[in-house]
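The block underneath contains the structure these notes are about, expressed in structure tokens.
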Amino acid sequence: MFTQGMWGKLLAGMLCAVFAVLGIAGTATAKVVKVDLDARITNVEVAPGVKMRAWTFNGSVPAPVVRATVGDTVEVTLTNSDMGSKIKCPKSLSKKQNKKKSKKQVRKYNKKRKNCRAKKRAHMGMAHSVDFHAAKIAPDKAFRSVLPGESITFSFEAKKAGVFMYHCGTGPMLEHIGMGMYGMIVVDPVVPRPAAKEIFIVQSEFYGKVKNGWLKSSYEAMQTEPPKYVTFNGTAMKYANDPIEVGVGEPVRLYFVDAGPSIFSSFHVVGSWFDEYQHDGNIDEPLHDVSTQVIGPGGGGVFEFTLPEAGRYPFVTHSILDMDKGAVGFFQAG
Ligand SMILES: [Cu+2]
């Protein structure tokens, strides 16, 4: 979980930090927010005791929360460090080598070589890109794919306050998002929102079968199967096992993104309702007194609420099948 208090630590701890330097564009306080994203493969925990070899930005799923203010220039540099595995496979047999081996030995050797080459193909470095939903920009230039070892830099002005997804947009996008390449950007209004406890949640789902403590994810599973896990911040049951502490009556602001790739969220807090819901974090036209809110893949919203008395309050996607797959957590009040 990312809370307001952890924000500074999170930034400082990232190998590829998201940091800001003073600039001159926009309002008097506008700045340039530099965002360094590194596309690389990392092992992550998608459920208690279950790991996955994920495709990531900066080694985590979801990727770090990026934060800017309306008027800021967001300068994104994406470096593609996904060089794949250096797997060496046996060479094909020469005629001379072939003659020296029995038919059974040749079959065994060729099978070993074929399996190795398939494994190598599956772990080859590949192109990646990054698409920011907070940007109004020509995507064929800014969001274009970069090959392993290359990088791209582009800038956009944060024009609209809100909460937005960013993700790899390289095809097949289902696979690149399904493997873990997404995060959240929060754009604050120039006049800051009132003080509140801030919580950042990305819902997403993972596909495949579990074998020996590893989720074997695949593009085919994403196309043909229901998800194995539906998660808040990348791990099934994360906040069921480690509840988020909230003060009784304390104003809570929850920034939410549904990264998908394909499952809608129906977000709800048991025992409370949302005093305010801002779709995409749009401060101009909030809804009031919302019990349950649908947010589709690629969308986001800001929930404002309080917990009225001491107790344990589940927060869930009220799409119950998905809740049972891991999209449930607790707020502990008092
Ligand atoms: Cu990608």
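The values are calculated or read from the model by the stated rules, or taken from the named source; none is laboratory data. Remember, predicted model here, so these are calculated numbers, not experimental data. Glycine also receives a Cβ, built like all others from the backbone with ideal geometry; neighbour counts cover every protein chain displayed.
Could you list all residues from segment 284-304 that are in contact (Cβ under 8 Å) with a residue 24 or more places away in the chain and crowded, with 17+ Cβ neighbours inside 10 Å? The answer is Gln293, Ile295, Pro297, Gly298, Gly299, Gly300, Gly301, Val302, Phe303, Glu304.
The conditions of being modelled with pLDDT of 95 or more and touching a helix residue (DSSP H, G or I) at 6+ places or on another chain (Cβ under 6 Å) are not met by Thr292. Has segment 268-276 got any residue that is polar (S, T, N, Q) and surrounded by fewer than 20 Cβ atoms within 10 Å (Cβ to Cβ)? Yes, that holds for at least one residue. Within the set Asn43, Asn80, Asn58, the sole residue that is exposed (fewer than 14 other Cβ atoms within 10 Å of the Cβ) and closer than 23 Å to Gly171 by Cα turns out to be Asn43. Checked across segment 246-257, the condition of being buried (at least 19 other Cβ atoms within 10 Å of the Cβ), in contact with a His (Cβ under 7 Å, 6 or more places away or on another chain) and closer than 16 Å to Phe164 by Cα holds for no residue. Of all residues in segment 148-170, those that are under 21 Å from Met83 (Cβ atoms) and in contact (Cβ under 8 Å) with a residue 40 or more places away in the chain have Cβ atoms under 8 Å from Cβ atoms of residues that are basic (Lys, Arg) and surrounded by fewer than 23 Cβ atoms within 10 Å (Cβ to Cβ), 6 or more apart or on another chain, in Ile152/Arg144. If the condition is being of a type outside the set (S, T, N, Q) and closer than 11 Å to His268 by Cβ, then segment 309-334 contributes Tyr313, Pro314, Phe315, Val316, His318, Ile320, Met323, Ala327, Val328. Taken over segment 29-88, the criterion of being at pLDDT 95 or above and assigned to a loop (DSSP other than H, G, I, E, B) is satisfied by Pro48, Gly49, Asn58, Gly59, Val61, Pro62, Ala63, Pro64, Val65, Val70, Gly71, Asp72.
Any chance segment 91-111 includes a residue that's assigned to a loop (DSSP other than H, G, I, E, B) and under 31 Å from the mean Cα position of the chain (by Cα)? No - not one qualifying residue is present in segment 91-111. Here is a check on your reading of the model: is Gln293 of a type in the set (S, T, N, Q), farther than 17 Å from Ser204 by Cα and assigned to a strand (DSSP E or B)? Here the answer is no, as Gln293 does not meet what is asked. Going through (1) within 14 Å of the ligand (Cβ to nearest atom); (2) closer than 23 Å to Gly234 by Cβ one by one, Arg67 falls short only on (1).
State whether the residues of segment 114-123 include one that is touching a residue at least 24 places away in the same chain (Cβ under 8 Å), within 16 Å of the ligand (Cβ to nearest atom) and either at negative phi or assigned by TED's automatic domain parsing to the domain that holds Gly249 (or both).
There is at least one residue in segment 114-123 that is touching a residue at least 24 places away in the same chain (Cβ under 8 Å), within 16 Å of the ligand (Cβ to nearest atom) and either at negative phi or assigned by TED's automatic domain parsing to the domain that holds Gly249 (or both).
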